[in-house]
Amino acid sequence: MIKIANAQLWVHDQDEALAFYTEKVGMEVRADVTMPEMGDFRWLTVGPPGQEDVSITLMAVPGPPVFDEETRAQIQALMAKGAAGGLFFATEDCRASYEELKSRGVEFAQEPTEQPYGIDAGFRDPSGNSARMMQQS
């Protein structure tokens, strides 16, 4: 059996993403390691407190030799449109979570809305990644 351990989000700035996901969304740092032998590659992960088996990797979009500049620019353009990835969070009380995150400075694109599957709300991170939080019915 295999399990999901990490999900990756492309980010423009790892420090900005780290501040957003820890200070505003309320996640904790799982790993923050810089590897000088790999051109100062930084492995940065965060995750929700109480859910230690899953982390989100906040990955800077690499240039050469991983991606050429054209590919890097295409990924960044998709990020700006909110089309490069996304997260789905579960919550027991979507409206309360919305108010809590909003009070910390998270800007929502959609307020909590009744849907056939429950109540959900949507926001984007500073890199443009889409995130939704949902309370199941």
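Of all the criteria given as (1) over 21 Å from residue 15 (Cα atoms); (2) touching a residue at least 60 places away in the same chain (Cβ under 8 Å), the one not satisfied by residue 85 is (1). If you check 77, 90, 73, 84 for being farther than 19 Å from residue 128 by Cβ and surrounded by 12 or more Cβ atoms within 10 Å (Cβ to Cβ), only one passes: 90.
Being within 22 Å of residue 102 (Cα to Cα), aliphatic (A, V, I, L, M) and either open to solvent by less than 70 Å² (accessible area, probe 1.4 Å) or touching a residue at least 40 places away in the same chain (Cβ under 8 Å) (or both) holds for only one residue in 54, 61, 11, and it is 11.
For the residues 5, 17, the requirement of being modelled with pLDDT of 95 or more and either open to solvent by 70 Å² or more (accessible area, probe 1.4 Å) or not hydroxyl-bearing (Ser, Thr, Tyr) (or both) singles out 17. Could you check, for segment 103-121, whether at least one of its residues is more than 18 Å from residue 11 (Cβ to Cβ), small (Gly, Ala, Ser), without any contact (Cβ under 8 Å) to a residue 40 or more places away in the chain and not in a strand (DSSP E or B)? For segment 103-121, residues more than 18 Å from residue 11 (Cβ to Cβ), small (Gly, Ala, Ser), without any contact (Cβ under 8 Å) to a residue 40 or more places away in the chain and not in a strand (DSSP E or B): present. The requirement of being touching a helix residue (DSSP H, G or I) at 6+ places or on another chain (Cβ under 9 Å), modelled with pLDDT under 90, on the phi > 0 side of the Ramachandran plot and of a type outside the set (Asp, Glu) is fulfilled somewhere in segment 78-86, by at least one residue.
The values are calculated or read from the model by the stated rules, or taken from the named source; none is laboratory data. As the structure is a computational prediction, the values presented were derived from the model and not from experiment. FYI the Cβ positions are ideal-geometry reconstructions off the backbone, even for glycines, and counts take in every protein chain you see. Accessible surface areas use protein heavy atoms only, side chains included; no ligands, DNA or RNA. Shrake-Rupley method; radii C 1.70, N 1.55, O 1.52, S 1.80 Å.
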